[in-house]
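Each value in this text was obtained by applying a stated rule to the coordinates, not by laboratory testing. Everything quoted here is computed from the prediction, not taken from an experiment. Glycine gets a Cβ as well: all are built from the backbone with ideal geometry, and neighbour counts include every protein chain shown.
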4 protein chains.
Amino acid sequence: MYQRLHPLPKKAFPWFIETQLQWTDSDLYGHLNNVSYLAYFDTALNMALVEHGALDPTPSGQGPIGLVVQNGAQFFAEVAFPSRLHIGVRVESIGRSSLTWGFGLFARDAALCAARGYFVHVYVDRDTRRPQPLGPSLSRCAEALFVDPTSDPATGQ
Amino acid sequence: MYQRLHPLPKKAFPWFIETQLQWTDSDLYGHLNNVSYLAYFDTALNMALVEHGALDPTPSGQGPIGLVVQNGAQFFAEVAFPSRLHIGVRVESIGRSSLTWGFGLFARDAALCAARGYFVHVYVDRDTRRPQPLGPSLSRCAEALFVDPTSDPATGQ
Amino acid sequence: MYQRLHPLPKKAFPWFIETQLQWTDSDLYGHLNNVSYLAYFDTALNMALVEHGALDPTPSGQGPIGLVVQNGAQFFAEVAFPSRLHIGVRVESIGRSSLTWGFGLFARDAALCAARGYFVHVYVDRDTRRPQPLGPSLSRCAEALFVDPTSDPATGQ
Amino acid sequence: MYQRLHPLPKKAFPWFIETQLQWTDSDLYGHLNNVSYLAYFDTALNMALVEHGALDPTPSGQGPIGLVVQNGAQFFAEVAFPSRLHIGVRVESIGRSSLTWGFGLFARDAALCAARGYFVHVYVDRDTRRPQPLGPSLSRCAEALFVDPTSDPATGQ
């Protein structure tokens with residue numbers, strides 16, 4: 001019923017963050033809880049925005065903020081503590097006031113991601129929360145990180 | 001690119017939990033963070049399993065456990081602290097060893113849900129983590145909570 | 001080396017919230033993770049402030065906010081999913097611009113709390129983050145919730 | 001009423017992890033939530049155990065596990081997204097079946113920690129949850145990370 005994704009290699013992502021799996025993100029089943037993967041994606045997305053000059057998250061920051069209108073993930077392998085994590089980030093489609101972000105979470109040196117995810121961001125005025133067209137900094141960020149998903153290598157499980 | 005959902009009223013869900021929005025689940029933007037909605041869905045799903053006799057989450061528990069292979073959510077309205085939350089739960093499709101769960105998160109007395117979500121659970125042996133056919137307790141639980149999504153009222157925004 | 005607390009009964013607390021243990025707050029050891037207890041305390045503290053008219057957490061809110069300068073907890077019993085939680089709240093000491101809050105987390109119908117905690121809040125101007133004397137609404141809230149810890153029943157384990 | 005700690009420099013800690021501040025760990029006040037600091041401490045503690053051969057966190061792991069009987073933190077400076085975090089770890093006292101762990105959280109290149117914390121761990125049998133004397137691997141880990149807190153440099157604020 002819901003769209004299926006397939007695992008991707010690191011080369012499908014143009015930009016990464018590296019971080020450490022948190023102990024508290026494992027659940028009763030001894031593995032990284034499914035919901036917590038999306039917290040790593042949210043961090044990677046916002047670091048990509050900040051490091052590309054497209055978001056100032058400080059209280060005095062100006063410019064639009066991104067509200068998530070849709071998110072989701074698909075899981076291919078379990079991840080367990082402790083592990084270094086590499087989170088790949090890309091922009092999969094560019095709308096008038098929205099971006100679709102794609103993510104891959106890689107544990108250590110795995111060839112394929114343990115999970116993929118996506119977030120649809122609508123950019124809004126910080127105060128009125130009304131959608132705004134992408135300005136120059138968001139457009140530059142989106143272009144720098146854009147990967148056409150139709151060019152993905154076929155690695156279907 | 002990714003499938004869109006529309007908001008639903010409470011009557012679209014046969015079973016609910018009630019809980020309290022956690023202070024730490026709000027983010028820099030002053031609202032419930034998008035990822036945290038899925039944590040409430042995960043709680044609701046596992047309480048539905050436990051209360052229908054289909055999961056024993058204790059260390060000595062027997063029987064299959066559900067691994068999430070796909071999740072996702074769509075967001076219609078912001079939710080802010082403090083708020084009582086009502087999480088509606090239903091089963092949207094029944095497979096041989098899997099169930100698709102649907103959720104709606106309602107803040108206080110809202111007529112329509114602030115967000116919808118879904119989790120696809122594959123039921124596996126607790127030790128081998130190999131998929132198993134749904135046994136009697138999971139089948140009973142699924143039938144008790146099943147709602148055919150094609151019968152949803154049209155409330156599209 | 002660090003100060004020890006002993007478990008308390010419900011009557012040691014003048015005010016409570018009731019909530020649901022989140023699935024994601026359990027860790028690898030199959031119980032509520034020690035850190036997550038403090039998230040429930042933070043929620044209870046902020047609900048106590050809001051419901052006593054001493055905090056407006058909305059973006060347009062006025063008046064001081066509380067910054068935590070110290071927190072801590074002591075654990076007496078494990079808590080496991082699923083469980084209703086009752087979080088008791090009290091004010092243990094009242095300073096010029098600070099309050100020391102005390103908490104007890106009770107699982108279901110337990111006679112004694114599974115854990116106790118405390119937060120020291122300094123109240124500051126929302127913008128300058130400089131400490132401010134407690135105003136009338138914070139003082140009223142503090143007096144309504146004050147319990148002298150030296151009057152605690154002796155229940156030491 | 002509760003014991004006060006003072007901020008420490010990096011040299012007060014013999015061992016560190018480095019990680020990335022998670023977006024979802026900031027709260028309504030635009031800074032790292034007080035509770036989330038303890039989640040970073042929990043990760044650092046468990047990585048120290050694993051990397052010193054004193055904990056096997058996998059389902060088939062043998063040997064004792066540490067249960068937290070007391071935790072706490074003191075906060076000296078706010079930390080905001082995005083930031084690399086360095087978490088310093090040390091053992092502050094060694095008991096028969098318990099260890100007191102001390103932590104310092106450093107944002108980027110700060111000379112002094114933004115927060116300190118402590119966890120008291122009692123080591124128990126994985127199944128019976130009865131306390132056990134520290135075995136050879138825990139004792140070696142504790143000795144490698146031990147720092148006598150009475151030798152701390154005086155940096156009181």
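How much net charge surrounds B:Asn33 when only the other residues with a Cβ under 9 Å from the Cβ of B:Asn33 are counted, with Lys and Arg +1 and Asp and Glu -1?
Its environment carries a net charge of -3.
Between the helical axis of C:136-145 and the dominant principal axis of chain C, each derived from Cα atoms, what acute angle in degrees is found, rounded to the nearest 10?
Computed tilt is about 20 degrees.
Run the reach check for A:Lys10 against aspartates and glutamates, Cα to Cα strictly under 17 Å, same-chain hits fewer than 8 apart removed. What comes back?
A:Glu18, A:Glu92, A:Asp109, A:Asp148, A:Asp152
What is the Cα centroid distance between region D:12-84 and region C:76-104, reported in whole angstrom?
Spelled out, the Cα-based centre of one part sits 22 Å from the other.
Neighbour counts of other C-beta atoms within 10 Å: give me A:Trp15, A:Trp23 arranged from fewest to most.
A:Trp15, A:Trp23
Which distances in nm, rounded to one decimal and ordered from shortest, link the label point of A:Thr128 to the equivalent label points in the other identical copies, with labels set 7 Å from Cα toward Cβ?
3.3, 6.1, 6.9
Kindly provide the helix-only [θ] at 222 nm of chain C, computed as the sum of -39,500 (n - 2.57) over DSSP H runs of four or more divided by all residues, to the nearest 500 deg cm²/dmol?
-6000 deg cm²/dmol
What nm value, rounded to one decimal, do you get for the distance between C:Ala80 and A:Glu143 when each label is placed 7 Å out toward the C-beta?
5.8 nm
Apply the Karplus parameterisation 6.51 cos²θ - 1.76 cosθ + 1.60, with θ equal to phi minus 60°, to every residue of region A:35-44 and state each ³J(HN,Hα) to the nearest whole Hz, in sequence, with x for glycine and proline.
Using θ = phi - 60°, the values come out as 5, 5, 3, 5, 5, 5, 5, 4, 4, 5 Hz.
Between A:Ala39, A:His121, A:Ala110, whose Cα lies farthest towards the positive end of the dipole of chain A when Lys and Arg beta carbons carry +1 and Asp and Glu beta carbons carry -1, centred on the Cα centre?
Comparing the listed Cα positions along the dipole, A:His121 ranks first.
Taking the Cα centre of the protein assembly as shown as origin, work out the dipole magnitude from +1 charges on Lys and Arg Cβ and -1 charges on Asp and Glu Cβ, in debye rounded to 20. Spell out each step's value before the answer.
Values: 48 positive and 56 negative charges, 0 e Å.
So the magnitude is around 0 debye.
Tell me, what ³J(HN,Hα) does each residue in region B:110-123 have, in order and in whole Hz, if you take phi through Karplus 6.51 cos²θ - 1.76 cosθ + 1.60 with θ = phi - 60° and put x for Gly and Pro?
Ordered by residue, 3J(HN,Hα) equals 4, 6, 10, 5, 6, 7, 10, x, 8, 10, 9, 9, 9, 8 Hz.
Please give the net charge around C:Gln22, taking every other residue with its beta carbon less than 11 angstrom from that of C:Gln22, where Lys and Arg add +1 and Asp and Glu add -1.
On the way: positive: none; negative: A:Asp27, B:Asp25, B:Asp42, C:Asp25.
Every neighbour counted, the sum reads -4.
Under a point-charge model restricted to the Cβ atoms of Lys and Arg (+1) and Asp and Glu (-1), what is the dipole moment magnitude of region A:1-137 relative to its Cα centre, in debye to the nearest 20?
380 debye
List, in order, the whole-Hz ³J(HN,Hα) value for each residue of region B:8-25 obtained from phi through the Karplus relation with A = 6.51, B = -1.76, C = 1.60 and θ = phi - 60°; use x for Gly and Pro.
Each residue of region B:8-25 in turn: 10, x, 4, 5, 6, 10, x, 8, 9, 10, 10, 8, 10, 4, 7, 3, 6, 8 Hz.
Roughly what % of DSSP beta bridges within chain D run antiparallel, to the nearest 5?
The answer is about 95 percent antiparallel.
Can you tell me the dipole magnitude for region A:91-151 around its Cα centre, using point charges on the Cβ only (Lys, Arg +1; Asp, Glu -1), in Debye to the nearest 20? It would help to have the intermediate numbers written out before the result.
Working: 7 positive and 6 negative charges, 39 e Å.
For this selection, approximately 180 debye.
How much length is gained on full extension from B:Gln62 to B:Arg96, taking 0.36 nm per residue of separation minus their Cα-Cα distance?
Values: separation 34, 0.36 × 34 = 12.24 nm, distance 1.98 nm.
Between B:Gln62 and B:Arg96, full extension yields an extra 10.3 nm.
Roughly how many nanometres apart are two label points built 7 Å out from the Cα toward the Cβ at B:Glu51 and A:Asp125?
4.3 nm
Under 10 Å, Cα contacts only: if you run a Gaussian network model on chain A, which one of A:Gly102, A:Gly30, A:Gly72 comes out with the highest mean-square fluctuation?
Highest fluctuation among the options: A:Gly30.
Between C:Ala114 and residues 5 or more places away or on another chain, which pairs have amide H atoms under 5 Å apart, with H built 1.01 Å from N, and which residues are they?
C:Leu105, C:Phe106, C:Ala107
Using a label point 7 Å beyond Cα on the Cα-Cβ vector, give me the inter-copy distances for C:Ala80 in nanometres, one decimal, shortest first.
2.0, 4.1, 4.5
For chain D, max minus min Cα coordinate along each principal axis, in Å, sorted largest first?
42, 35, 31
Distances from C:Glu143 to the same residue in each other copy, label points 7 Å out along Cα→Cβ, in nm, shortest first?
6.0, 6.3, 6.4
Please arrange C:Arg116, A:Arg4, D:Arg84 by counting, for each residue, the other beta carbons lying within 10 Å of its beta carbon, fewest first.
A:Arg4, D:Arg84, C:Arg116
Residue of A with Cβ nearest the axis relating A to D, plus distance in whole Å?
Spelled out as residue then distance in Å, it is A:Thr19, 3.
Contact order normalised by length for chain D, with contacts defined as Cα pairs under 8 Å and 6 or more residues apart; what percent is it? Could you put the intermediate results ahead of the total?
On the way: 303 pairs, mean separation 49.1, N = 157.
Relative contact order, chain D: 31 percent.
Using only the alpha carbons, work out the radius of gyration and Dmax of the protein assembly as shown in angstrom.
Both quantities, over Cα of the protein assembly as shown: 23.8, 70 Å.
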